[in-house]
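Structure record follows, encoded as structure tokens.
The values are calculated or read from the model by the stated rules, or taken from the named source; none is laboratory data. None of these values were measured; they are calculated from a predicted model. No Cβ is skipped: glycine too gets one built from the backbone with ideal geometry, and neighbour counts run over all protein chains shown. What goes into the accessible areas is simple: the full protein's heavy atoms, side chains included, and nothing from ligands, DNA or RNA. Shrake-Rupley method; radii C 1.70, N 1.55, O 1.52, S 1.80 Å.
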Amino acid sequence: MYPAQFDYRRAGSVDEALGLLQEHEDAKLMAGGHSLIPMMKLRLAQPPVVIDIGRLDELKGIAEAGGSVRVGSLTTHADIAASDVLAAHCPVLAEAAGHIGDAQVRNRGTIGGNIAHADPGSDIPPVLVLLGASVHLQSPSGTRSVAAGDFFQDLLMTDVGEDEILTHVDVPALGAGTGSAYLKFEHPASGYAVVGAAASVTVQNGRCTAAGLVVGGVGAVPTAVDVSSLVGTDLSDDAIAAAASGLDAEDPIGDIFASGDYRVHVGKVYGKRALAAARDRA
Amino acid sequence: MTVSIQLEVNGKPVQATVEPRRLLVHFLREDLGLTGANIGCETSLCGACTVLVDGDAVKSCTMLAAQADGASVTTIEGLARNGDLHPLQEGFWEKHGLQCGYCTPGMILSANYLLAQNPSPSDEEIREGLKGNICRCTGYHNIVEAVKYAAERMS
């Protein structure tokens with residue numbers, strides 16, 4: 001299964017890639033190619049020019065500084081899943097990356113390509129929204145950052161402009177007493193999440209002081225659940241179940257495998273389980 | 001447009017000119033005659049096309065040949081040494097780890113990658129490591145046995 005014909009350009013630097021984007025209308029950036037190549041083979045995408053940014057080492061790597069972890073956009077899921085830095089500071093991101101596809105997919109797929117593609121069944125977006133990560137973009141006119149919660153705009157639509165490259169994400173480190181978890185109800189054939197729930201809770205002296213829950217796969221973009229009712233409680237199973245049942249999606253997505261109503265139901269169940277797992281790790 | 005690429009395949013240098021849309025699996029099979037990497041689902045799900053690129057297991061149906069420029073690629077044809085089967089090949093033979101054999105090259109290269117990361121995996125770790133490779137003949141029990149056989153001989 002061949003993609004339609006296209007011209008191939010390989011960028012040697014971010015600046016060169018930005019120049020190529022300016023030069024070629026409707027060009028697409030390719031990192032690992034694990035979202036774009038399948039789309040091109042199915043002719044859902046037919047870019048006239050592909051700009052290969054896969055060799056830009058400046059966009060690779062994971063480093064902690066000043067209370068947050070910077071993850072370069074070309075960092076593979078395999079490297080994120082195996083990262084000691086993330087295991088120490090943002091374990092839920094490493095956990096979610098380890099759930100993506102399979103070993104081969106994780107070896108090529110990158111976090112930047114993943115979130116720029118913005119598939120609603122992707123594992124990373126709900127985690128970034130949960131953690132309050134910021135997504136950093138560069139264009140010829142400069143750089144800017146956008147909160148993960150604003151980055152995902154609709155099904156396969158993000159805030160990345162036509163002249164921009166996603167350079168990295170900054171993920172705030174989780175503090176002491178905070179547990180987090182990502183639980184996934186996986187489509188058995190595709191490996192995508194039918195529903196994925198990312199949760200975190202902070203516990204001090206046996207009481208919850210902060211809690212968060214974001215569910216992917218239910219809406220076109222990650223769905224944040226208001227679980228503030230947990231603050232002040234001892235995080236009993238009943239309190240967690242009540243909080244997770246607040247999941248509400250105005251217009252849930254549905255397909256032949258899982259209807260919208262079913263996704264909302266599974267989202268509540270997995271949300272509850274993710275919150276309980278986060279509590280047990282706090 | 002065409003792209004000039006230079007890479008190493010099973011230890012031998014290769015130079016070629018390819019269309020940008022040429023997938024690595026087609027390049028290996030049709031241009032180099034290395035038909036061990038099979039084409040199954042073509043949607044990066046089945047793993048029959050798995051090869052090693054710079055030591056990492058990847059699905060060669062979801063990689064452009066142009067992306068492999070400068071890389072070192074290993075296919076099933078590159079595993080035996082001087083006519084001696086690789087321990088994984090031997091394991092699949094000894095433990096009846098295949099029936100039709102279509103998935104086997106991909107299985108063996110994924111298992112090879114797994115054992116490079118984790119030389120003595122548990123049954124569960126083997127199954128997780130081979131999650132991206134699908135067998136439609138008979139199941140995975142003997143495949144797990146074959147990988148364990150190889151792990152013992154390679155340690």
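Checked against (1) at the interface with chain A (Cβ under 10 Å from one of its Cβ atoms); (2) closer than 20 Å to A:His34 by Cα, B:Ala48 passes all but condition (1).
Looking for whichever is touching a residue at least 60 places away in the same chain (Cβ under 8 Å), within 15 Å of A:Arg108 (Cα to Cα) and either open to solvent by 20 Å² or more (accessible area, probe 1.4 Å) or not assigned by TED's automatic domain parsing to the domain that holds B:Cys137 (or both) here; the options are B:Ala37, B:Ala48, B:Ala68. Which one fits?
Working: B:Ala37 fails: within 15 Å of A:Arg108 (Cα to Cα); B:Ala48 fails: within 15 Å of A:Arg108 (Cα to Cα).
After applying the criteria, what remains is B:Ala68.
If you go through the range B:76-103 and keep only what is within 16 Å of B:Gly36 (Cα to Cα) and crowded, with 24+ Cβ neighbours inside 10 Å, you end up with B:Ile76, B:Leu88, B:Phe92, B:Cys103. Apart from one condition, A:Arg273 fits all of (1) in contact with a Leu (Cβ under 6 Å, 6 or more places away or on another chain); (2) open to solvent by 70 Å² or more (accessible area, probe 1.4 Å); (3) without any contact (Cβ under 8 Å) to a residue 60 or more places away in the chain; the exception is (3).
The residues of the range A:77-110 that are crowded, with 24+ Cβ neighbours inside 10 Å and closer than 25 Å to B:Ala48 by Cα, listed by number, are A:His77, A:Ala97, A:Ile100, A:Ala103, A:Gln104, A:Val105, A:Arg106, A:Asn107, A:Arg108, A:Gly109, A:Thr110.
Listed residues A:Gly212, A:Gly191, A:Gly179, A:Gly217; which is modelled with pLDDT under 95 and either touching a helix residue (DSSP H, G or I) at 6+ places or on another chain (Cβ under 8 Å) or surrounded by fewer than 20 Cβ atoms within 10 Å (Cβ to Cβ) (or both)? Full working, then the answer.
Details: A:Gly212 fails: modelled with pLDDT under 95; A:Gly179 fails: modelled with pLDDT under 95; A:Gly217 fails: modelled with pLDDT under 95.
Result of the check over A:Gly212, A:Gly191, A:Gly179, A:Gly217: A:Gly191.
Restricted to strands (runs of 3 or more DSSP E) entirely inside the range A:1-88, those with at least 1 residues that are more than 14 Å from chain B (Cβ to nearest Cβ) are A:62-65, A:68-72. Given the structure, is A:Gly132 open to solvent by 20 Å² or more (accessible area, probe 1.4 Å) and without any contact (Cβ under 8 Å) to a residue 24 or more places away in the chain? The answer is no for A:Gly132. For the range A:251-265, indicate whether the set of residues that are more than 20 Å from the chain's Cα centre (by Cα), among the acidic types (Asp, Glu) and open to solvent by less than 90 Å² (accessible area, probe 1.4 Å) is non-empty. Yes: one or more hits.
Please determine whether any residue of the range B:53-60 is touching a helix residue (DSSP H, G or I) at 6+ places or on another chain (Cβ under 9 Å), crowded, with 24+ Cβ neighbours inside 10 Å and without any contact (Cβ under 8 Å) to a residue 40 or more places away in the chain. Yes: the range B:53-60 contains one or more residues that are touching a helix residue (DSSP H, G or I) at 6+ places or on another chain (Cβ under 9 Å), crowded, with 24+ Cβ neighbours inside 10 Å and without any contact (Cβ under 8 Å) to a residue 40 or more places away in the chain. Taken over the range B:110-155, the residue count meeting the criterion of being assigned to a helix (DSSP H, G or I), of a type outside the set (Lys, Arg) and open to solvent by less than 80 Å² (accessible area, probe 1.4 Å) is 19.
Listed here are the strands (runs of 3 or more DSSP E) enclosed by the range A:147-239 that have at least 3 residues being more than 21 Å from A:Ser73 (Cβ to Cβ) and free of Cβ contacts under 8 Å to residues at least 40 places away in the same chain: A:207-216. Scanning the range B:1-25 for residues that are within 12 Å of another protein chain (Cβ to nearest Cβ) and either acidic (Asp, Glu) or within 14 Å of the chain's Cα centre (by Cα) (or both) yields a total of 3.
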